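This is the structure, below, for whatever I ask next.
The values are calculated or read from the model by the stated rules, or taken from the named source; none is laboratory data. Computed from a prediction, not measured in an experiment: that's the story for all the values here. Cβ placement follows ideal geometry from the backbone for every residue including glycine, while neighbour counts extend to all protein chains displayed.
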Amino acid sequence: MKKPGFFTGIGCFLRGFRLISTAGLRRFVVIPLGINIALFSLAIWFGLSWIDNQIDRLGIFITESTAAFMPGLANLTEWLKWILIPLAILVILAMIFYTFTILANLIAAPFNGLLAKKVEDHLTGSRSDEGSGMTDTIRDIGGSFLSEFKKLFYFLVRAIPLLVLFTIPGINIAAGLLWFIFSAWMLAIEYGDYPMGNHSIHFTGQKQVLQGSKFFALGFGTATLIATMIPILNFIAMPVAVAGATTMWTDYWKGNMDNH
């Protein structure tokens, strides 16, 4: 089979929209959806309030920086504001919404694992015999939280040096793009965990699977990240991504694992 690419990953995410509205799966979406709505409502309020307070400060910073390093270029100052302020807002929103995505997934992890299990049953036409409904979910809460904390540690070890780049003039522009790519990769890790974790493939094994299909994973992660940044759409992004990641697992990765 030809290795799936970037746009195939996007397609898997989009397929999640149809899956979460499928009869028999909708009831497993309710709790993750409720958690996501609550936290992203808070994220939107926090993000808009913070940005509103920072835009003037950012404008003053750009003006003072230009005056210090390039005195006499008043027109350039206005041009820089038009370019850098929207870019800064985009990066800030990505950071805020990604942070709240981590929190939402930490809280909803056991329910997302159950949703992934039911989506896989639907896609394969089989019934899992690994547990039954909420009882199995409660039993797996400890394992789900442990997995989330491993991903959080993986994220922090890489995110902190990347955030330092934002403080270096010149490099900080490229840092925004690097942060976007890193966030997309982390979302692929985040949501790929649910279907793979249901098959006892742990964090190290999950990373190996994802690294074997980097562009596929980045396509999925990019679509997920963009969805989390769009108002209203971000409310349903989490269950859509769980369903989409399960599609990636059943259609592309599971067969390869079975062949090894």
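Could we say that M238 is touching a residue at least 24 places away in the same chain (Cβ under 8 Å) and surrounded by fewer than 23 Cβ atoms within 10 Å (Cβ to Cβ) here? Can you show your working first?
Working: touching a residue at least 24 places away in the same chain (Cβ under 8 Å): yes; surrounded by fewer than 23 Cβ atoms within 10 Å (Cβ to Cβ): no.
No: the conditions fail for M238.
Could you check, for the stretch 3-18, whether at least one of its residues is over 20 Å from the mean Cα position of the chain (by Cα), within 27 Å of L210 (Cα to Cα) and either at pLDDT below 95 or assigned to a helix (DSSP H, G or I) (or both)?
Of the stretch 3-18, the ones over 20 Å from the mean Cα position of the chain (by Cα) are 3.
Restricting the remaining residues to those that are within 27 Å of L210 (Cα to Cα) gives 3.
Still in the running and either at pLDDT below 95 or assigned to a helix (DSSP H, G or I) (or both): 3.
Yes.
Determine if the stretch 116-126 includes at least one residue that is modelled with pLDDT of 80 or more, touching an Asp or Glu at 6+ places or on another chain (Cβ under 9 Å) and either on the phi > 0 side of the Ramachandran plot or assigned to a loop (DSSP other than H, G, I, E, B) (or both).
The answer is no, given that none of the residues of the stretch 116-126 is modelled with pLDDT of 80 or more, touching an Asp or Glu at 6+ places or on another chain (Cβ under 9 Å) and either on the phi > 0 side of the Ramachandran plot or assigned to a loop (DSSP other than H, G, I, E, B) (or both).
Another question, if that's okay. Suppose we filter I226, I230 for residues that are over 21 Å from V119 (Cα atoms) and outside any helix (DSSP H, G or I); which single one remains? If you could, list the steps in order and put the result at the bottom.
On the way: I226 fails: outside any helix (DSSP H, G or I).
Answer to the check: I230.
From the list Y98, Y154, which residue is surrounded by fewer than 18 Cβ atoms within 10 Å (Cβ to Cβ), of a type in the set (F, W, Y) and either in a helix (DSSP H, G or I) or modelled with pLDDT under 75 (or both)? Don't jump to the end; show me each part of the working.
On the way: Y98 fails: surrounded by fewer than 18 Cβ atoms within 10 Å (Cβ to Cβ).
It is Y154.
Checking I181 against (1) assigned to a helix (DSSP H, G or I); (2) over 20 Å from V30 (Cα atoms); (3) modelled with pLDDT under 90: exactly one of these is not met. Which one?
(3)
Quick grid of which residues meet (1) more than 12 Å from the chain's Cα centre (by Cα); (2) of a type in the set (A, V, I, L, M, F, W, C):
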position: F216; (1), (2): yes, yes
position: I230; (1), (2): yes, yes
position: F235; (1), (2): yes, yes
position: M238; (1), (2): no, yes
position: V242; (1), (2): no, yes
position: W249; (1), (2): yes, yes
position: Y252; (1), (2): yes, no
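This table checks each residue for (1) under 16 Å from L14 (Cβ atoms); (2) in contact with a helix residue (DSSP H, G or I) (Cβ under 6 Å, 6 or more places away or on another chain); (3) assigned to a helix (DSSP H, G or I).
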{"site": "W185", "(1), (2), (3)": "no, yes, yes"}
{"site": "G192", "(1), (2), (3)": "no, yes, yes"}
{"site": "P195", "(1), (2), (3)": "no, yes, yes"}
{"site": "I201", "(1), (2), (3)": "no, no, no"}
{"site": "T222", "(1), (2), (3)": "yes, yes, yes"}
{"site": "I236", "(1), (2), (3)": "yes, no, yes"}
{"site": "V240", "(1), (2), (3)": "yes, yes, yes"}
{"site": "T247", "(1), (2), (3)": "yes, yes, yes"}
{"site": "Y252", "(1), (2), (3)": "yes, no, yes"}
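Please specify each residue of the stretch 184-211 satisfying the condition of being more than 16 Å from T228 (Cβ to Cβ), among the aromatic types (F, W, Y) and modelled with pLDDT of 90 or more.
Y194
Could you please find all residues in the stretch 19-36 being β-branched (V, I, T) and either part of a helix (DSSP H, G or I) or closer than 16 Å to T250 by Cβ (or both)? Talk me through it step by step, then tell me what you get.
Here is the first cut: in the stretch 19-36, the residues β-branched (V, I, T) are 20, 22, 29-31, 35.
Hits for the stretch 19-36 are I20, T22, V30, I31, I35.
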